[in-house]
Amino acid sequence: MSKPDYQATNLPLWDFLTILASEGVDFLLSGEEDKVPLSSFDYEKTTICLFFSANWCRPCQSFTPKLVQLYNMLRTMGKELEIVFISLDHDEDGFNAHFETMPWLTVPFDVNLHKKLRERFHVVRIPSLVPLNLDGQSVEEDLIGLIEDFGEDAFPFTKKRREELKAIDDSMRQGGKIDQLLAHPGRDYVVASDGGKALVSKLIGKTVGLYFGAHWCPPCRAFTAQLVEAYNQLLSSRGDCFEVVLVSSDRDQKEFDVNISSMPWLALPFEDRTRQDLCRIFNIKAIPALVLIGPDGKPISTNGKKIITLYGAKAFPFTQSSIEEIEESLRKEGDSLPRQIQDIKHQHVLKLDMAKAYVCNYCERQGKFWAFSCDACDYDLHPTCVEEAS
């Protein structure tokens, strides 16, 4: 999904220490209010990041728990990482309320000192995470975005690491292995609405639709109905050659459970990070979205929603050639129909029209593609329901 563009300019660690020294500050504070001397850090081995944030800032409130989780995980893994909180709160109460949620260190609360640090590091938006480095490595500027995209894999937050991660994403997207996209060493299954599990390996060799959606999203609910219709038609006519896997953007487990309960297909577990990974890998910026993966494990289309909306199950196996065949057939059908008719059931002339979807006013069944429509009023007629006046 899209996120704010938080950025800050990276400057050497020396600048940070110089500013603190100019204010007579030679220590940081821990959560227990212990003073931690600046001289106690191993600056050559430790990655140090300045975290500019504030208690009044909603994006800060949203991002801080993610950063806490990443920090704890990396420390557990033995990574040499330290974060230093730089408060942009207006008063000490706000500073204290925000800092008590953090497991790392902080610069003592001083509005003037914090202002100097913000200006020195050109912080224009918060939250902002600024890595300090002495070894001359090129560090990633948008650290917030990097962490939200890749989590702990983003460490040590360098541009080289981002390039490595992007290369991995490209390989995953084009690699032709559905099991690598949907499973990982800790999970080899997807889930069904009844709570059952299906091995991801059973999807190999099938056409798979990755459905990015959420129950709270009205357009998703509308598209789900269309996808269910196409899915059931294919299941009835072609067996289990096509499967759909929900990649949920629901807000919590309860909402996810309600969402999947209306679906006849499978889903990634709600608690699994693979959901976010797939959004990033396929550059999903809005929902609903449907990515179609062929039997060879390679993407057929990232615009499956349009294909299903326009053509439904007829488009299977959703390749470019199958779409071209449908469009050619529709052209021939249209060429065989009159441009306009006078039907005995309607007082106005009806003109031939191409419609994505409509309901025939005579038989009251849904139609697609060709219709005879009235320019004067909201009236549509299936070509098969026409009774021309003699």
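The values are calculated or read from the model by the stated rules, or taken from the named source; none is laboratory data. Remember, predicted model here, so these are calculated numbers, not experimental data. Backbone-built Cβ (ideal geometry, glycine too); neighbour counts: all protein chains shown. Surface accessibility is based on the protein's heavy atoms, side chains included, excluding ligands, DNA and RNA. Shrake-Rupley method; radii C 1.70, N 1.55, O 1.52, S 1.80 Å.
At-a-glance table
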{"quantity": "Most to least accessible of CYS49, CYS363 (protein chains only, probe 1.4 Å)", "calculated": "CYS363, CYS49"}
{"quantity": "Restraint check, LYS306/LYS332; LYS314/LYS345; LYS160/LYS202, Cα-Cα greater than 27 Å", "calculated": "LYS314/LYS345; LYS160/LYS202"}
{"quantity": "In the range 281-390, the GluC sites (Glu not before Pro) that fall in loop regions by DSSP, at most 11 other Cβ within 10 Å", "calculated": "GLU364"}
{"quantity": "Karplus-derived 3J(HN,Hα), 6.51/-1.76/1.60, for each residue of the range 21-26, Hz, glycine and proline x", "calculated": "4, 5, 9, x, 9, 10"}
{"quantity": "Modelled FRET efficiency - R0 51 Å, HIS90 with GLU271, Cβ distances, 0.05 increments", "calculated": "0.90"}
{"quantity": "Net charge of neighbours whose Cβ lies under 14 Å from the Cβ of ASP257, counting Lys and Arg as +1 and Asp and Glu as -1", "calculated": "-3"}
{"quantity": "Extension reserve of the GLU325-LYS285 stretch, reckoned as 0.36 nm per residue once the Cα distance is removed", "calculated": "11.4 nm"}
{"quantity": "Shape metrics for the range 13-157, restricted to C-alpha atoms - Rg then Dmax, Å", "calculated": "14.2, 38"}
{"quantity": "DSSP bridge pairs, the chain: antiparallel proportion in percent, nearest 5", "calculated": "65 percent"}
{"quantity": "Relative contact order computed over the range 337-381 (Cα-Cα under 8 Å; 6+ residues apart), in percent", "calculated": "33 percent"}
{"quantity": "Where labels lie 7 Å past Cα in the beta-carbon direction, separation of ARG125 and SER262 in nm", "calculated": "3.4 nm"}
{"quantity": "Cα point-scatterer Debye curve for the chain, base-10 log of I(q)/I(0) at q = 0.11 Å⁻¹", "calculated": "-0.88"}
{"quantity": "Value of D in µm² per second that Stokes-Einstein yields for the range 178-326, Kirkwood Rh from Cα pairs, at 20 °C (1.002 mPa s)", "calculated": "140 µm²/s"}
{"quantity": "Debye log10 I(q)/I(0) at q = 0.15, 0.32 Å⁻¹ for the range 337-381, Cα point scatterers", "calculated": "-0.31, -1.31"}
{"quantity": "Relative contact order for the chain, counting Cα pairs under 8 Å that sit 6 or more residues apart, in percent", "calculated": "13 percent"}
{"quantity": "For the range 53-66, Karplus couplings with θ = phi - 60° (6.51, -1.76, 1.60), whole Hz, Gly/Pro x", "calculated": "7, 8, 5, 7, 8, 4, x, 5, 4, 6, 7, 3, x, 5"}
{"quantity": "Label-point gap, in nm, between GLU164 and GLU333 - each point 7 angstrom along Cα→Cβ", "calculated": "5.4 nm"}
{"quantity": "Carbon + sulfur, % of accessible area of the chain - ligands and nucleic acids excluded, 1.4 Å", "calculated": "49 percent"}
{"quantity": "Computed over the range 31-162: relative contact order in percent, which uses C-alpha pairs under 8 Å that are six or more apart", "calculated": "31 percent"}
{"quantity": "Set of lysines near LYS254 by C-alpha distance (under 25 Å), chain-local residues within fewer than 8 positions excluded", "calculated": "LYS3, LYS66, LYS197, LYS285"}
{"quantity": "Antiparallel bridge percentage (DSSP; both residues within the range 13-157; nearest 5)", "calculated": "50 percent"}
{"quantity": "Heavy-atom surface of the chain, accessible at 1.4 Å and reported per residue (Å²)", "calculated": "51 Å²"}
{"quantity": "Burial order of peptide ranges 254-262, 84-92 (average beta-carbon count within 10 Å, highest first)", "calculated": "84-92, 254-262"}
{"quantity": "Net lengthening on full extension, VAL25/THR76 (0.36 nm per residue, minus Cα-Cα)", "calculated": "15.4 nm"}
{"quantity": "Estimated FRET transfer efficiency when R0 is 51 angstrom, pair LYS298-GLU388 (beta carbons, to 0.05)", "calculated": "0.55"}
{"quantity": "GLN174-LYS368 pseudo-label distance in nm [points 7 Å out on the Cα-to-Cβ vector]", "calculated": "3.2 nm"}
{"quantity": "Highest-first arrangement of 23-29, 61-67, 290-296, where packing means the average Cβ count within 10 Å", "calculated": "290-296, 61-67, 23-29"}
